[in-house]
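One structure is given here, and the rest of the page talks about it.
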Amino acid sequence: MSNRKTLFLSPCLMYKDDLFALEALLRGNLPGKGYDFQIRGVEHGHEISAKPYHSLEELFSEKDLPRCLDQLSFETKEVEDGGKLIHSTRIHLDKRVSDVQIFSDDDSEWLQDISQKLTDFIKQRRPWYWLIGVSIPPVFNVSLGLSLLMAVFIIVAKVEQAFLFPFMLVVSGGIFLALGVTRVIYRHARICMFQRNEDKRPNYELFAILTHLTVLVISIAGSVIMTSGKI
């Protein structure tokens with residue numbers, strides 16, 4: 001009886017060492033020997049090679065590799081001589097959403113084992129901002145709700161100058177939402193083709209959330225100060 005499983009993975013931050021560790025995990029848990037192992041990478045919507053790579057060592061031997069990828073997938077297949085698929089694993093890391101698809105023709109125990117190992121592996125590489133990344137729409141909705149509430153108090157208090165504060169909060173929330181939804185920041189999978197100690201990228205995720213929180217505090221405080229005593 002065949003078994004198939006698809007799992008959506010946690011956000012992750014992967015450096016070069018992590019990618020090699022993932023490859024080792026996949027290769028070390030192959031139940032058979034006649035496997036085809038393929039790796040594909042995508043940057044800005046284009047594959048970095050027309051042909052798949054058969055190892056990370058082969059991929060990293062390429063010249064002028066991008067520092068980060070938008071997508072990276074590992075795929076293993078074991079096929080009988082007659083063409084029947086016996087086992088397969090495909091883990092797809094993507095800046096928007098990542099998943100793993102596992103198939104076994106006759107070994108449900110192996111399927112459960114490898115799916116748990118891959119899930120745990122990715123969870124261990126969650127970035128500090130992973131919970132913010134999956135909560136961006138609710139954060140915007142809260143900002144919008146607070147802005148509307150401020151606007152109501154301002155209308156009741158008849159202090160038109162204070163409309164600047166809910167406007168600031170809506171604009172800040174909108175920018176935060178746009179950057180998050182397009183995955184300019186808060187990527188679901190950030191795939192770095194360099195070592196962790198070589199990461200010189202500014203912490204845009206921290207800057208974005210601190211900026212939005214600062215605007216939130218200023219907006220609430222400004223609205224309260226300007227409308228106090230006039231309602």
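The values are calculated or read from the model by the stated rules, or taken from the named source; none is laboratory data. A quick note: this is a predicted structure, and the numbers were derived from the prediction, not measured. Virtual Cβ from ideal backbone geometry, glycine too; neighbours counted across all protein chains shown.
Observations on the model:
- Hits in segment 72-96 - residues which are under 24 Å from the mean Cα position of the chain (by Cα) and surrounded by fewer than 14 Cβ atoms within 10 Å (Cβ to Cβ): Arg96
- The residues in segment 48-69 that are touching a residue at least 40 places away in the same chain (Cβ under 8 Å), hydrophobic (A, V, I, L, M, F, W, C) and out of contact with any Cys (no Cβ under 7 Å at 6 or more places or on another chain) can be counted, and the count is 3.
- Note on segment 176-193: among residues that are out of contact with any Leu (no Cβ under 9 Å at 6 or more places or on another chain) and of a type outside the set (Lys, Arg), the one that is nearest to Trp130 (Cα to Cα) is Gly180.
- Single match in Leu210, Leu146, Leu177 (criterion: surrounded by fewer than 16 Cβ atoms within 10 Å (Cβ to Cβ) and of a type in the set (A, V, I, L, M)): Leu210
- When segment 101-143 is limited to residues that are more than 21 Å from the chain's Cα centre (by Cα) and assigned by TED's automatic domain parsing to the domain that holds Val184, the one that is surrounded by the fewest Cβ atoms within 10 Å (Cβ to Cβ) turns out to be Val142.
- Residue count, segment 38-89 (criterion: in a strand (DSSP E or B), touching a Gly at 6+ places or on another chain (Cβ under 6 Å) and not charged (D, E, K, R)): 2
- The set of residues from segment 196-223 being over 19 Å from the mean Cα position of the chain (by Cα) and touching a residue at least 60 places away in the same chain (Cβ under 8 Å) comprises His212, Leu216, Ser219, Ile220, Gly222, Ser223.
- Enumeration of residues in segment 144-183 that are free of Cβ contacts under 8 Å to residues at least 40 places away in the same chain and within 22 Å of the chain's Cα centre (by Cα): Gly173, Gly174, Ile175, Ala178, Leu179, Thr182
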